[in-house]
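The values are calculated or read from the model by the stated rules, or taken from the named source; none is laboratory data. Keep in mind that this is a model prediction, so the values were computed, not measured. Heads up, the Cβs are rebuilt from the backbone with ideal geometry, glycines too, and the neighbour counts pull from every protein chain shown.
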């Protein structure tokens, strides 16, 4: 009970309530996406947190039950929209597994170039946003130019920048043009020094280290129990990477390292993502070399020969009866797929992106479940921030790389 | 190195005829057990020093309206990271009484995945610490991923089940016109189109 002789007179009842409830989101500049955290604060310390998600839920899994396979690709764009090509190609490879389609090596290598570019674009955004939330805006603006360049490469390949809908079942709709390769060469030449300079700004920066070391740590056991995958799991010290454990798209032909951290805090997550960008650059270089080794007719191969699923070229549609029939059947969704169930996963920007596809022999999936890494590891947020400061909670949020689109599905 | 055949033998040794329907679609060992057994099986797979399926990759529901008494399936994808092998484990439940034990005690990851399965299929996970809707609004009074709720509005005939090779309601060729059904009218019209 407040006594009458105290100097500051508090309003009646205010002394009993010791914690404050703070809403972080759903539309808060620090959440970088639409989701809500209700934080219970004791002064500036977080006592507990509760997450509310689902603000951008678009029922992708339900929609997929009424779409032929090729119409589902644009839905996957909307998962992790910072690296849509990985989602698209993950979906194509899932379909190819179900349909037992063997794609040519050149297609695999071109896909790897796109996926690793997407990984760089994803990690680049995440790491520079961690910088922004720690108060360092410069790195973000500096790196942004190179995400732009990546988007220009995608634009040359598929015509779109963000929601790419890149590639088709069996390969690509057209061969890469020369401008795409020129821009790729430009990127490979110009990006490494920029990334190096970005690291110089951050990695041994006293302020940045103070803000991130020991913030939001998680042990390897807890991370595994929470279903962490991708950079966040590797920062905790577990070297699990889908590209190595279950290679797809001929990743086994490449030589690269899996960086791991030790403490699983924001600093380790930052460093793991930095190193992964260097590894991705090296993979792209190797893949580009392999692509250039194809000569003559081989250098023109950009899709597998699967007329049931791969749209014929317009030239053929207008002049050849068979191509016209396939075109009609594909567009009208008249092709039954084999019955069966398949789980296939790829290493997305945030971790294991899995597609579990059940087919009953109809023309659309009977059930499609998408393992969305964000959705699974965001559960751990409460455990990561309990007892820390509000400003730390915001850095943890951005260093987990939460993408609302992927979380809500 | 762990092989599918060996995992299967270990499961049969332990649970005898209670584990059944072993298949290997695309190389992944798949089996099912009665729904009361789900925690026993998951615990055995987790604790066994050889099997070590300690990573829950995903958990989801599937609705099979035609299977009476076992309409809802819950599918667990488990991963042994040491030996790098995955298995798929299914349980089935009656839709009228969809009570299933929660796996949250074993995997923290199961928390939201089970909430999602409850949200979309109405599976009631017994013992779950916070079983409420996660992606849909709290006021929703149905479970939208069940097959009886069509996704498109009913006037769109291009998205009818018939267009996807599964029966359906549109019934092309059976609509009544002034001349009877289209099929009958075409027959009377010596095969020429009537519309």
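Among the residues making up the range B:67-80, a single one is crowded, with 18+ Cβ neighbours inside 10 Å and assigned to a loop (DSSP other than H, G, I, E, B): B:71. Across the range A:333-372, the number of residues qualifying as touching a strand residue (DSSP E or B) at 6+ places or on another chain (Cβ under 7 Å) and farther than 26 Å from residue A:114 by Cα comes to 10. Here the condition is being more than 25 Å from the chain's Cα centre (by Cα), in a loop (DSSP other than H, G, I, E, B) and more than 14 Å from every other protein chain (Cβ to nearest Cβ); of A:259, A:307, it holds for A:307 alone. The condition of being out of contact with any helix residue (DSSP H, G or I) (no Cβ under 9 Å at 6 or more places or on another chain) and either over 30 Å from residue B:3 (Cβ atoms) or at pLDDT 65 or above (or both) holds for only one of B:132, B:97, that being B:97.
Conditions (1) out of contact with any helix residue (DSSP H, G or I) (no Cβ under 7 Å at 6 or more places or on another chain); (2) at pLDDT 90 or above, marked per residue:
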position: A:8; (1), (2): yes, no
position: A:17; (1), (2): yes, no
position: A:24; (1), (2): yes, no
position: A:32; (1), (2): no, no
position: A:38; (1), (2): yes, yes
position: A:43; (1), (2): yes, no
position: A:46; (1), (2): no, yes
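Give A:74, A:104, A:85 a once-over and let me know the one that is more than 14 Å from chain B (Cβ to nearest Cβ), under 27 Å from residue A:123 (Cβ atoms), out of contact with any helix residue (DSSP H, G or I) (no Cβ under 6 Å at 6 or more places or on another chain) and at pLDDT 90 or above. Being more than 14 Å from chain B (Cβ to nearest Cβ), under 27 Å from residue A:123 (Cβ atoms), out of contact with any helix residue (DSSP H, G or I) (no Cβ under 6 Å at 6 or more places or on another chain) and at pLDDT 90 or above holds for just one of A:74, A:104, A:85, which is A:74. Here is a check on your reading of the model: is residue B:64 surrounded by 16 or more Cβ atoms within 10 Å (Cβ to Cβ) and over 29 Å from residue A:226 (Cβ atoms)? It is true that residue B:64 is surrounded by 16 or more Cβ atoms within 10 Å (Cβ to Cβ) and over 29 Å from residue A:226 (Cβ atoms). Take residue B:90 and tell me if it is without any contact (Cβ under 8 Å) to a residue 12 or more places away in the chain and surrounded by fewer than 20 Cβ atoms within 10 Å (Cβ to Cβ). The answer is no for residue B:90.
Checked against (1) in a loop (DSSP other than H, G, I, E, B); (2) more than 10 Å from every other protein chain (Cβ to nearest Cβ), residue B:125 passes all but a single condition, namely (1). Of all residues in the range A:56-69, those satisfying the criterion of being assigned to a loop (DSSP other than H, G, I, E, B) and either facing another protein chain (nearest Cβ under 9 Å) or modelled with pLDDT under 90 (or both) are A:57, A:59, A:65, A:66, A:67, A:68. When the test is whether a residue is farther than 30 Å from residue A:403 by Cβ, more than 9 Å from every other protein chain (Cβ to nearest Cβ) and either touching a residue at least 60 places away in the same chain (Cβ under 8 Å) or not in a helix (DSSP H, G or I) (or both), residue A:330 passes it. Condition first: away from chain B (no Cβ under 14 Å) and in a loop (DSSP other than H, G, I, E, B). Now tell me which residues in the range A:33-55 satisfy that. Correct list: A:33, A:43, A:44. For the criterion of being within 30 Å of residue B:82 (Cβ to Cβ) and in contact (Cβ under 8 Å) with a residue 60 or more places away in the chain, residue A:199 fails.
Condition check ((1) within 17 Å of the chain's Cα centre (by Cα); (2) within 14 Å of chain A (Cβ to nearest Cβ); (3) part of a loop (DSSP other than H, G, I, E, B); (4) within 23 Å of residue B:116 (Cβ to Cβ)) across all residues:
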residue: B:5; (1), (2), (3), (4): no, no, no, no
residue: B:10; (1), (2), (3), (4): no, no, no, no
residue: B:36; (1), (2), (3), (4): no, no, no, yes
residue: B:46; (1), (2), (3), (4): no, yes, no, yes
residue: B:49; (1), (2), (3), (4): no, no, yes, no
residue: B:58; (1), (2), (3), (4): yes, yes, no, yes
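The condition (being buried (at least 20 other Cβ atoms within 10 Å of the Cβ) and touching a strand residue (DSSP E or B) at 6+ places or on another chain (Cβ under 8 Å)) is satisfied by just one residue among A:230, A:167, A:216: A:230.
Residue-by-condition table, conditions (1) closer than 24 Å to residue A:199 by Cβ; (2) within 14 Å of chain B (Cβ to nearest Cβ); (3) under 18 Å from the mean Cα position of the chain (by Cα):
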site	(1), (2), (3)
A:263	yes, no, no
A:275	yes, no, yes
A:282	yes, no, no
A:286	yes, no, no
A:289	no, no, no
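Inspect the range A:316-323 for any residue being surrounded by fewer than 22 Cβ atoms within 10 Å (Cβ to Cβ), within 11 Å of chain B (Cβ to nearest Cβ) and free of Cβ contacts under 8 Å to residues at least 60 places away in the same chain and give the result as yes or no. So far as the range A:316-323 goes, no, none of its residues is surrounded by fewer than 22 Cβ atoms within 10 Å (Cβ to Cβ), within 11 Å of chain B (Cβ to nearest Cβ) and free of Cβ contacts under 8 Å to residues at least 60 places away in the same chain.
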